Amino acid sequence: MENRQEVTFVPAGRVRLLLPGTPEKVVEAPAGTPLVVRRVEGTPADRRFRVQVAELAWADKQGVAAERTSWEQRGFQVRLEQLGQVYGIVGKILDNRKVVVLLEPALDATEAAARQAQLHRTWGATSTLAEEVRTPARVRLRLEMGDGIPLGSSDDGIRAETPGGEGFEVRSVEFGIGYPNHGFETRSYRGGLAFAADSAGTIAVVNLVTLEDLLRGLVPSEIFAAAPAEALKAQAVTARGEVLAKVGTRHLTDPYLLCSEQHCAVYRGRSGEAPSTNAAVEATRGLALFSTEGRLVDSVYSAVCGGHTEDNDAVWGGVPDPSLRGRPDVLEPVPGMPDPRRQPERFLAFDLPAACRRGRFAQPTRYRWERRFTAAQLDGLLEPLGIGSVRHLEPLDRGASGRVRRLLVSGTQGATELRGELTIRRQLGMLNSALFVVSEERDARGNPVAFVFRGGGWGHGVGLCQTGAIGRAEAGQDYRAILRHYFNGAEVARIYE
């Protein structure tokens with residue numbers, strides 16, 4: 001939780017509250033006691049932002065050099081920064097290092113947003129902002145009983161723990177930020193709570209929780225809890241690896257490692273748990289995927305691959321990962337299957353025995369879909385490109401699954417090229433996937449009337465296909481075989497008990 005003036009929480013067991021200071025104060029209360037943390041005053045962080053134009057694998061020296069050169073040739077001063085770390089556990093290498101390409105100088109929020117817009121108009125570049133904190137945020141907190149009786153105050157945050165491990169109920173937790181399901185609800189959590197200053201100088205609430213307990217509240221948000229046990233185990237292993245791959249690369253200036261929204265992983269705490277997914281987490285405790293070279297696999301996943309998974313570099317650029325190679329997601333050999341890269345239209349129309357089409361949770365409208373935009377609607381979506389009214393769309397390059405990597409957009413005032421799977425999907429009203437063909441409807445004068453996208457899949461298609469994993473489990477494959485297929489022979493190994 002962030003941006004709160006006050007937070008109400010209830011311990012499920014006897015609670016100990018630590019209020020740092022001189023001297024440090026410790027407060028205890030019985031189970032079921034409503035407690036409130038209030039913001040007395042605070043100051044926001046003094047922040048500056050650099051525009052981030054690329055993120056590449058640490059090993060992609062050639063790609064980093066090329067990206068740097070391309071922006072320097074455009075007249076920008078470039079700064080490179082490394083995120084993540086490399087370390088070893090029981091003989092296995094965990095390496096999530098990345099290099100981000102930043103443009104100097106550091107700007108305030110308004111200037112940075114204007115710089116992003118200018119880069120998008122001029123070069124069609126999609127960028128993010130890298131934050132630098134010059135002066136940290138501060139917040140003074142007051143701890144009270146639910147009836148207003150004061151218990152103490154702190155300028156350095158408050159920490160709450162239940163020594164018996166019972167956890168907490170937290171009221172009015174915001175979720176679905178930026179999505180149609182946005183709302184607030186009471187949730188319960190394992191572990192402890194920390195109350196700290198967020199970047200605005202208001203209250204952030206952080207769940208202090210072990211990785212295994214994090215997964216208990218995360219896995220059921222990512223896959224149907226009623227799915228077969230082997231598919232749930234496959235999801236638990238991939239989710240564990242993805243968390244390990246993200247820690248230390250995101251939210252570097254926030255008082256937490258990961259957020260609980262789509263940006264990192266949807267997490268609902270104990271409120272989101274289900275017996276079936278808890279069993280899958282426990283059955284795979286400490287297990288993660290490792291390549292044949294003994295390195296942690298960035299075990300990404302998406303909902304529906306559409307019959308063929310995708311190469312990592314086709315979606316995110318960088319160096320090809322041997323564990324993330326696109327391949328047909330079929331349960332049996334298919335004579336005459338069209339190549340989706342070279343024959344995407346035939347592939348989308350082909351009667352394919354895909355795993356993500358066969359399972360009982362498969363949805364035909366996610367496996368194959370159609371979306372129609374009028375010319376006016378598409379002009380509105382692509383107006384930021386500054387090319388006038390759209391005349392023609394032409395895929396220039398596709399990945400192994402047929403997902404579009406580069407899309408030429410031609411208009412009455414010029415043309416530009418959209419690069420990257422997510423950039424293309426977002427620019428086109430968040431298409432279900434970039435695996436599509438597009439047809440144009442024109443009037444008698446040859447002017448565009450509508451653009452029709454016919455596609456397949458739901459998501460980027462790299463790594464585990466969640467619906468396909470369910471189909472494979474129903475066909476009798478165990479979780480190790482499922483993972484071996486989607487991650488090109490990678491094997492499961494234990495990194496802790």
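Across every pair of non-identical alpha carbons in the range 340-497, the mean reciprocal distance, once inverted, gives a Kirkwood radius of 17.4 Å. For the range 227-376, the fraction of C-alpha pairs farther apart than 18 angstrom is 70 percent.
If both residues of a DSSP beta bridge must be in the range 140-188, then about 100% of such bridges are antiparallel.
P(r) for the range 1-151, from all Cα pairs and a bin width of 5 Å, is 2, 7, 12, 13, 11, 9, 8, 11, 11, 8, 5, 3, 1 %, short bins first. Note on the chain: helix-only mean residue ellipticity at 222 nm, from DSSP H runs of 4+ residues weighted -39500 (n - 2.57) and normalised by residue number, equals -6500 deg cm²/dmol.
The spacing between the range 1-65 and the range 407-480, judged by their C-alpha centroids, is 38 Å.
Per-peptide packing, taken as the mean over residues of other Cβ atoms within 10 Å, places 350-358, 437-445 in the sequence 350-358, 437-445 from highest down. Axis angle, to the nearest 10 degrees, between helix 211-222 and the longest C-alpha principal axis of the chain: 40 degrees.
In the chain, Cα pairs under 8 Å separated by at least six residues give a relative contact order of 15 percent.
Of interest is the spacing of the C-alpha centroids, which for the range 226-257 and the range 116-177 amounts to 21 Å. When peptides 57-66, 81-90 are ranked by their average number of other Cβ atoms within 10 Å per residue, the highest-first order is 57-66, 81-90. The Cα atoms of the range 40-87 give a gyration tensor whose axes a ≥ b ≥ c have a/c of 1.5 or more with a/b no greater than b/c, which makes the shape oblate.
Please give the peptides 269-281, 404-416, 212-224, 13-25 ranked by average Cβ packing (other Cβ atoms within 10 Å per residue), highest first, as a rough proxy for protection. Walk me through the numbers before you get to the answer.
Values: 269-281: 20.0, 404-416: 17.4, 212-224: 23.3, 13-25: 15.0.
Result, highest mean first: 212-224, 269-281, 404-416, 13-25.
Remark: the range 395-487 is approximated by an ellipsoid whose semi-axes, taken from the C-alpha gyration tensor as √(5λ), come to 35, 14, 9 Å, largest first.
Taking 8 Å as the Cα distance limit and 6 or more residues as the minimum spacing, I'd like the relative contact order of the range 276-342 as a percentage. The normalised contact order for the range 276-342 reaches 22 percent.
With an a/c value of 1.5 or above and a/b not larger than b/c for the gyration tensor axes a ≥ b ≥ c computed over the alpha-carbon atoms, the range 97-241 is described as oblate. Toward the positive end of the charge dipole of the chain, with +1 on the Cβ of Lys and Arg and -1 on the Cβ of Asp and Glu, the farthest Cα among 412, 162, 136 is that of 412.
Its residue count N fixes a reference of 2.2 N^0.38 Å for the chain, and the Cα radius of gyration divided by that reference is 1.06.
Counting only residues at least eight positions apart within a chain, or on another chain, the lysines with an alpha carbon under 29 Å from that of residue 246 are 61, 92, 98, 233.
I need the shape label for the range 176-234. Rule: rounded when a/c is under 1.5, else prolate if a/b > b/c, else oblate, with a, b, c from the alpha carbon gyration tensor. The shape class here is oblate. Counting only protein heavy atoms and a 1.4 Å probe, the chain has 44 square angstrom of accessible area per residue.
The local environment of residue 28, defined by Cβ-Cβ distances under 10 Å, has a net charge of +2 under the rule Lys, Arg +1 and Asp, Glu -1.
The values are calculated or read from the model by the stated rules, or taken from the named source; none is laboratory data. Please read these numbers as outputs of a predicted model, since none were measured by experiment. Methodologically, a virtual Cβ is constructed for each residue, glycine included, from the backbone with ideal geometry; neighbour enumeration extends over all protein chains shown. Areas reflect the complete protein model, heavy atoms only, side chains present, ligands, DNA and RNA absent. Shrake-Rupley method; radii C 1.70, N 1.55, O 1.52, S 1.80 Å.
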